[in-house]
Amino acid sequence: MARVRKPGHRGIETASAWLLAMLICNALPHVARAEEIYGSTLDAQASAARAAAAEDGVEVSQLAEAFCAVYPDLHGGGLPSPAAQHALEPLITLGLDGALTAARHLHDAAIRQAPGDKPPFADGDLFSSLFEGATSCRVGAVTLARNTASVELRYAYEAGTLMTSWTDRLSILRGDDGWRIDDVVYDGRWDFANTGSLRGMIESAAAAEAGLPTAD
């Protein structure tokens, strides 16, 4: 009977190396194609992210522009009138709307309790750092995050030869119904300027009325 010759270890190693080399050669085009597709996917995702950020920036800027448009009916007289607050409501969060409503309750309750005294939020501008309010409002720089934004408001006050300018900020949130203004942050740096924020001012007054400790 003829004896079948078995390959030695060297022959097996050579065949294995050849087979591995063939597999690598066959796989290389697919690997390169996969890298190309992966890179294209990343490029598309980056482009989509940039486009979404640009769209958000436009929407946030338009929201701030809308605020500046209604600001003349808000400034300088304490709480906005019910009509002015109603006009503001499409631009603001439920939280800010609720804070303004709470401020009105405090105002009305103080009048009932002490008719001869000045109630809270009776005068002065609640929507800027300056008590007298601004005579012009322009939108400045926009800072975006995923679900928050901050927009500079470039305010100016002119009275005769007197000219004062400063920057406050809108704090904006993204919710289920899009971007909405959640607070006005005061950045005035002069004596007797409003400090903190609009919601902070109202919350401090509410806490004081309830006998709760307030932040210094």
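The values are calculated or read from the model by the stated rules, or taken from the named source; none is laboratory data. These numbers were taken from a predicted model, which means no experiment stands behind them. Note: ideal-geometry Cβ built from the backbone for every residue, glycine included; neighbour counts use all protein chains shown. Side chains are part of the model used for accessible areas, which takes the heavy atoms of the whole protein and leaves out ligands, DNA and RNA. Shrake-Rupley method; radii C 1.70, N 1.55, O 1.52, S 1.80 Å.
Can you find a residue in region 15-34 that is modelled with pLDDT of 90 or more and over 30 Å from residue 118 (Cα atoms)? First the steps, then the outcome.
So in region 15-34, the residues modelled with pLDDT of 90 or more come out as none.
No; the residues of region 15-34 include none that is modelled with pLDDT of 90 or more and over 30 Å from residue 118 (Cα atoms).
Which ones in region 54-66 are more than 12 Å from the chain's Cα centre (by Cα), open to solvent by less than 50 Å² (accessible area, probe 1.4 Å) and under 15 Å from residue 141 (Cα atoms)?
First, the residues of region 54-66 that are more than 12 Å from the chain's Cα centre (by Cα): 54-55, 58, 62, 65-66.
In the following step, the residues that additionally are open to solvent by less than 50 Å² (accessible area, probe 1.4 Å) were identified as 66.
Within region 54-66, no residue meets the criteria.
Which residue is farthest from residue 168 (Cα to Cα), if the candidates are limited to region 182-193 and must be in a loop (DSSP other than H, G, I, E, B) and open to solvent by less than 70 Å² (accessible area, probe 1.4 Å)? Even if it seems obvious, please write down each step before you answer.
Just the residues of region 182-193 that are in a loop (DSSP other than H, G, I, E, B), to begin with: 186-193.
Among the residues that remain, those that are also open to solvent by less than 70 Å² (accessible area, probe 1.4 Å) are: 186-188, 193.
On the way: 186: 5, 187: 5, 188: 7, 193: 11 Å.
Per the criteria, the residue is 193.
Exactly one of these conditions fails for residue 196: (1) surrounded by fewer than 19 Cβ atoms within 10 Å (Cβ to Cβ); (2) at pLDDT 95 or above; (3) in contact with a helix residue (DSSP H, G or I) (Cβ under 6 Å, 6 or more places away or on another chain). Give me its number.
(3)
Hey, can you tell me all the residues within region 161-181 that are out of contact with any Ser or Thr (no Cβ under 8 Å at 6 or more places or on another chain) and open to solvent by 70 Å² or more (accessible area, probe 1.4 Å)?
First, the residues of region 161-181 that are out of contact with any Ser or Thr (no Cβ under 8 Å at 6 or more places or on another chain): 161-165, 167, 176-179.
Once the filter is applied, which keeps residues that are out of contact with any Ser or Thr (no Cβ under 8 Å at 6 or more places or on another chain) and open to solvent by 70 Å² or more (accessible area, probe 1.4 Å), region 161-181 yields 161, 162, 163, 165, 176, 177.
Please go through region 104-160 and pick out each residue that is among the aromatic types (Phe, Trp, Tyr) and either crowded, with 17+ Cβ neighbours inside 10 Å or closer than 30 Å to residue 176 by Cβ (or both).
Applying the first criterion (among the aromatic types (Phe, Trp, Tyr)) to region 104-160 yields 121, 127, 131, 155, 157.
Passing the criteria: 121, 127, 155, 157.
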